[in-house]
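Input: a single structure, listed below in structure tokens.
The values are calculated or read from the model by the stated rules, or taken from the named source; none is laboratory data. Just so we're clear, the structure is a prediction, and the values are computed from it rather than from any experiment. Counting neighbours? That spans all protein chains shown, and the Cβs are built from the backbone with ideal geometry, glycine included.
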Amino acid sequence: MASLQIRPVTSARGRRAFLTFPWRIYRDDPLWVPPVLTERAKFIDPERGPFFKRGEAEFFIAWRGRKPVGTICAAEDFHTNDFLGRKDCVFGFFEYLPDYAVFEALLAQVKEWGRARGLNALFGPFNLDYEDAYGLLIEGRDRPPVMLCGHTPPYYLDYTLRYGFQPPRADNIAFAVNIMRDDPARQKMARLADRVRARKQFGSAFAA
């Protein structure tokens, strides 16, 4: 097996490899929604990406020989760290083949990057936006992805827990609503809405 190397993204070819790598992870996942590459390219561009107005970031690819096997971004959000009085090294765009050695090597690179800047904690995954694909999917792989939430294979959660990460807050829960016209629950809701509009007395309508 070829040796594992972590190298920074420094060229247009490297950026393309970085941006298209998720297709290797999710190409057999019928529920995966691919990102818009032109939008992603803008997002990681220091000249155009909104994150770079408040922080800095660097992008890395894990290689085995000539094949990419994982990606990660290391970032420092100056504004948020100053506001919260923290020294977090944010990581994101964290994708990897089912190989724990790749997972560890990518995080080791990010830790080294963060320590060089005086940071003392890893916080993520976030794709340079605290509302973009954050976290890991725990349940719900039988449904299409929820907008802005992470959509990840089962082994991502296994590796993350094995490494020792702890959730900084409670789990996020997404609710599903059937909007088909023939759904009985939707029809009942529509009738109730009609009564509310007709009476203009919200309290009596819901109490009835």
Of everything in the range 128-151, what is touching a Leu at 6+ places or on another chain (Cβ under 8 Å), crowded, with 16+ Cβ neighbours inside 10 Å and hydrophobic (A, V, I, L, M, F, W, C)? Give them in sequence order. 133, 136, 137, 149
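State whether one or more residues within the range 101-121 are assigned to a loop (DSSP other than H, G, I, E, B), in the same structural domain as residue 160 (by TED's automatic domain parsing) and under 16 Å from residue 136 (Cβ atoms).
Within the range 101-121, none of the residues are assigned to a loop (DSSP other than H, G, I, E, B), in the same structural domain as residue 160 (by TED's automatic domain parsing) and under 16 Å from residue 136 (Cβ atoms).
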Looking for whichever is assigned by TED's automatic domain parsing to the domain that holds residue 155, surrounded by 15 or more Cβ atoms within 10 Å (Cβ to Cβ) and farther than 18 Å from residue 127 by Cβ here; the options are 69, 9. Which one fits? 69
Which one of the conditions (1) assigned to a loop (DSSP other than H, G, I, E, B); (2) out of contact with any Leu (no Cβ under 6 Å at 6 or more places or on another chain) does residue 159 fail to meet, given that it meets all the rest? (1)
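Within the range 90-127, how many residues are over 19 Å from residue 156 (Cβ atoms) and crowded, with 20+ Cβ neighbours inside 10 Å?
Number of matching residues: 3.
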Residue count for the range 116-151, restricted to those that are within 24 Å of residue 79 (Cβ to Cβ), over 16 Å from the mean Cα position of the chain (by Cα) and in contact (Cβ under 8 Å) with a residue 24 or more places away in the chain: 5
Residue pairs within 9 Å by beta carbon, gap of at least six or interchain, first lying in the range 26-42 and on the phi > 0 side of the Ramachandran plot, second among the hydrophobic types (A, V, I, L, M, F, W, C) and surrounded by fewer than 16 Cβ atoms within 10 Å (Cβ to Cβ), listed first then second, are none
Provide a single number: the residues in the range 12-44 that are farther than 24 Å from residue 143 by Cα and part of a loop (DSSP other than H, G, I, E, B). 1
Just name the residue that is nearest to residue 21 (Cα to Cα) out of those in the range 73-112 that are aliphatic (A, V, I, L, M) and touching an Asp or Glu at 6+ places or on another chain (Cβ under 8 Å). 74
Selection count where residues are among the acidic types (Asp, Glu) and in the same structural domain as residue 126 (by TED's automatic domain parsing), scope the range 141-199: 3
